[in-house]
Amino acid sequence: MISRRTLLAAAPAALFAAERPYGAIPTGRQIHWHELETTAFLHFGINTFTDREWGNGDEDPNLFNPTAFDADAIVSALKDGGMRGVIITAKHHDGFCLWPTATTERCVRNSSWRSGKGDVVRDLSDAASRHGLEFGVYLSPWDRNSPYYGKPEYIDIYRRQLTELLTNYGLIFEVWHDGANGGDGYYGGARERRTIDKHTYYEWPRTWDLIRTLQPGACIFSDVGPDIRWVGNERGIAGDPCWATYDPVGANGKEAAPGDVNEKQSPTGTRHGSKWLPAECDVSIRPGWFWHERENARVKTREQLVTLYYQSVGRGANLLLNVPPNRQGVLSPEDIASLKAFGDYRRATFGVNLAERARRKGDIVDLREPVTFDLIRLREDIRYGQRVDSVAVDSHEGGSWREIAATTSVGPRRLIRLDKPVRTQRLRLRAQVSAAPVIWSEIGLFKQP
């Protein structure tokens, strides 16, 4: 690792073409995912009506009856909050499917909602398309209702469920698998505890191949990817530094798998890792993941969401914010108000890039005229890998350079909030340590409201 001269994005395209990628690089679908920055999770299902976080699998499907369900209202509020995609829990651990699947009777077809004619997945997919948001699905690998769970037959059922979701609901941008696998359940009346080998039971490579075939543009999330990694906590906070590369290992130091990963390594990733496996920071706007009336007064404030934004998106990860619909089938007013305030802050902050007209030569940025800012956004051209280990930003003031900021990992994005505003016409980027000559794709300057 050596210190190298910084190369700026304004350099000719021929220079970029001459650069050889350093280390692991992202695929096209990963680059697109990075650009989304913030997406929404919708935890919704039987648990919404039983006031639980995990259902056992024996709940009456008729409990699911969101009489005022309004997919357009939900997606509109998410868009107002700055979300660019939405992922629905199409099936949680209790096995209840929010679409009329042919794989099980435990689905909306056998609920009282809309006389069994409803399809939550369809409505949300259509609403997302109308409002310009991307659509994704969560399908729990664990099914506490299925009598076949733990047996080979269940894997076929699971893949048929995936096939339905990935062929009947348009383009999917992300497929989400969590690591909760095995334990107590109803299991068709057996009411027993079933355990599986997380490394072998699901035959994950074959399932991921199926997803690639059906939705080649979809990123696949799990503890170990293969496209997006879990950040290792449910607080929405990435490590600092947070490397986009990662070589996951199991909790016992052996091979990793969904549900078996060393969570202490996930927040930071692996510097010079062999896989481009960026972090997604999942967190709920409420203490729980499903809606609970008792939590109406505990919705995260705008200030809390802004802080989480800088601790996730600002460190190069993406933020997946859960906003659970209530029993009426809409978002609660408390959640909507917080979302809107969060969106308003981001629109006010990032609406004008004060460096948009800057001239760049070498490591010097000439802003053409003095500007006042308190927020810096740096991006590397990740098509050529993650190169920067540490970088400093200097301001030219009174005839000399003064360091105003320094940070570690950059990669797809680094947001630096300054302690106080700076006014200058010239900046200097110093890549203090980098693994290869740096190729910046952006330096942005902003003034927070």
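The values are calculated or read from the model by the stated rules, or taken from the named source; none is laboratory data. What you are looking at is a predicted structure, and each value in this text was computed from that prediction instead of being measured. Because the Cβ atoms are built from the backbone with ideal geometry, glycine has one as well, and the counts that use them run over all protein chains shown. Areas reflect the complete protein model, heavy atoms only, side chains present, ligands, DNA and RNA absent. Shrake-Rupley method; radii C 1.70, N 1.55, O 1.52, S 1.80 Å.
For n ≥ 4 DSSP H runs only, could you compute -39500 (n - 2.57) per run for the chain, divide by its residues and tell me the 222 nm figure to the nearest 500? Could the numbers behind the result be given before it?
Details: 9 runs with 99 residues, N = 449.
About -6500 deg cm²/dmol.
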Each residue of the stretch 188-200 in turn: what ³J(HN,Hα) in whole Hz from Karplus with 6.51, -1.76, 1.60 and θ = phi - 60°, glycine and Pro shown as x? x, x, 5, 6, 9, 9, 10, 10, 10, 8, 4, 7, 10
Using a 1.4 Å probe and ignoring any ligands, DNA or RNA, find the accessible area of Val249 and quote it in Å² to the nearest 10. 50
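State, as an integer percentage, the relative contact order of the stretch 113-191 based on alpha-carbon contacts under 8 Å between residues 6 or more apart.
Here the relative contact order equals 42 percent.
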Using the Karplus equation 6.51 cos²θ - 1.76 cosθ + 1.60 (θ = phi - 60°), what ³J(HN,Hα) coupling, rounded to whole Hz, does each residue of the stretch 258-270 give in order, writing x for Gly and Pro? x, x, 9, 8, 6, 5, 6, 8, 5, x, 9, x, 10
Computed lengthening from His272 to Thr163, 0.36 nm per intervening residue step minus Cα-Cα distance: 35.7 nm
Round to the nearest 0.05 the FRET efficiency obtained for Arg52 and Ile31 when R0 = 35 Å and r is the Cβ-Cβ distance. 0.35
Using a simple spin-label model with points 7 Å from Cα along the Cα→Cβ vector, what separation in nm is obtained for Tyr310 and Ala73? 3.5
Within the stretch 140-231, DSSP-loop trypsin sites (Lys or Arg not before Pro) with at most 15 other C-beta atoms within 10 Å are Arg191
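Helix hunt in the chain: which complete DSSP H runs extend at least 24 Å axially by C-alpha with mean Kyte-Doolittle at least -1.0? Don't jump to the answer; show the numbers that get you there.
On the way: long enough: 152-168 (25 Å, -0.69); 333-350 (26 Å, -0.49).
Both cut-offs are met by 152-168, 333-350.
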Using only the Cα atoms of the stretch 243-336, what are the Rg and Dmax in Å? 16.6, 48
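Report the relative contact order of the chain, percent, no decimals, based on alpha-carbon pairs under 8 angstrom and at least 6 residues apart. Show your work: numbers first, answer last.
Details: 1074 pairs, mean separation 91.7, N = 449.
Worked out over the chain, it gives 20 percent.
What fraction of the DSSP beta bridges in the chain is antiparallel, stated in percent and rounded to the nearest 5?
Details: 41 of 71 bridges.
The antiparallel proportion sits near 60 percent.
Please give the per residue accessible area of the stretch 291-333, computed with a probe of 1.4 Å over protein heavy atoms only, in Å². Could you put the intermediate results ahead of the total?
On the way: 1570 Å² over 43 residues.
Result: 37 Å² per residue.
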With a Förster radius of 51 Å, plug the Cβ-Cβ distance of Ala190 and Ala337 into 1/(1 + (r/R0)^6) and report the FRET value to the nearest 0.05. 0.70
Are there GluC sites (Glu not before Pro) in the stretch 162-262 that DSSP puts in a loop and that have at most 16 other Cβ atoms within 10 Å, and which ones? Glu203, Glu234
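Summing +1 for each Lys or Arg and -1 for each Asp or Glu, what net charge is found among the other residues whose Cβ lies under 14 Å from the Cβ of Asn296? Walk me through the numbers before you get to the answer.
Numbers: positive: Arg286, Arg294, Arg298, Lys300, Arg327; negative: Asp51, Glu293, Glu295, Glu334, Asp335.
Here the charged neighbours net out to 0.
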Heads up, I need the accessible area for Trp176: 1.4 angstrom probe, whole protein in place, Å², nearest 10. 10
Carbon plus sulfur, as percent of the 1.4 Å-probe accessible area of the stretch 214-349, comes to 50
If the chain between Glu153 and Thr372 were fully stretched, how many nm would it gain, using 0.36 nm times the residue separation less the Cα-Cα distance? 72.5 nm
Order by accessible surface, 1.4 Å probe, largest leading, for residues Thr67, Thr50 comes to Thr67, Thr50
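Given a Förster distance of 45 angstrom, what is the FRET efficiency for Arg294 paired with Arg417, based on the Cβ-Cβ distance and rounded to 0.05?
Working: r = 34 Å, r/R0 = 0.76.
So the FRET efficiency works out to roughly 0.85.
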Taking only C-alpha pairs under 8 Å that are 6+ residues apart, what is the relative contact order of the stretch 358-449 in percent? 44
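Give a quick list of GluC sites (Glu not before Pro) in the stretch 259-364 that DSSP marks as loop, anything other than H, G, I, E or B, with at most 16 other Cβ atoms within 10 Å. Provide the component values of the computation, followed by the final result.
Numbers: sites: Glu263, Glu280, Glu293, Glu295, Glu303, Glu334, Glu356; in loops: Glu263, Glu356.
Qualifying residues, ordered by number: Glu263, Glu356.
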Residues in the stretch 337-356 near a label at Thr301, defined as backbone nitrogen under 18 Å from the 7 Å Cα→Cβ point? 337-346
At Thr200 and Asp344, where each label point lies 7 Å from the Cα along Cα→Cβ, what is the point-to-point distance in nanometres? 5.8
Give me the distance in nm between label points sitting 7 Å out from Cα along the Cα-to-Cβ direction at Arg20 and Arg359, one decimal. 3.5
Got a number for carbon plus sulfur as a percent of the stretch 62-161's accessible area, 1.4 Å probe? 46
Let me cross-check His272: its accessible surface, 1.4 Å probe, with only protein heavy atoms counted, in Å² to the nearest 10? 80
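Once the piece of chain linking Arg383 and Lys264 is laid out straight, how much longer is it, given 0.36 nm per residue of separation minus the C-alpha distance between them? Could you put the intermediate results ahead of the total?
Numbers: separation 119, 0.36 × 119 = 42.84 nm, distance 2.76 nm.
Result: 40.1 nm gained on full extension.
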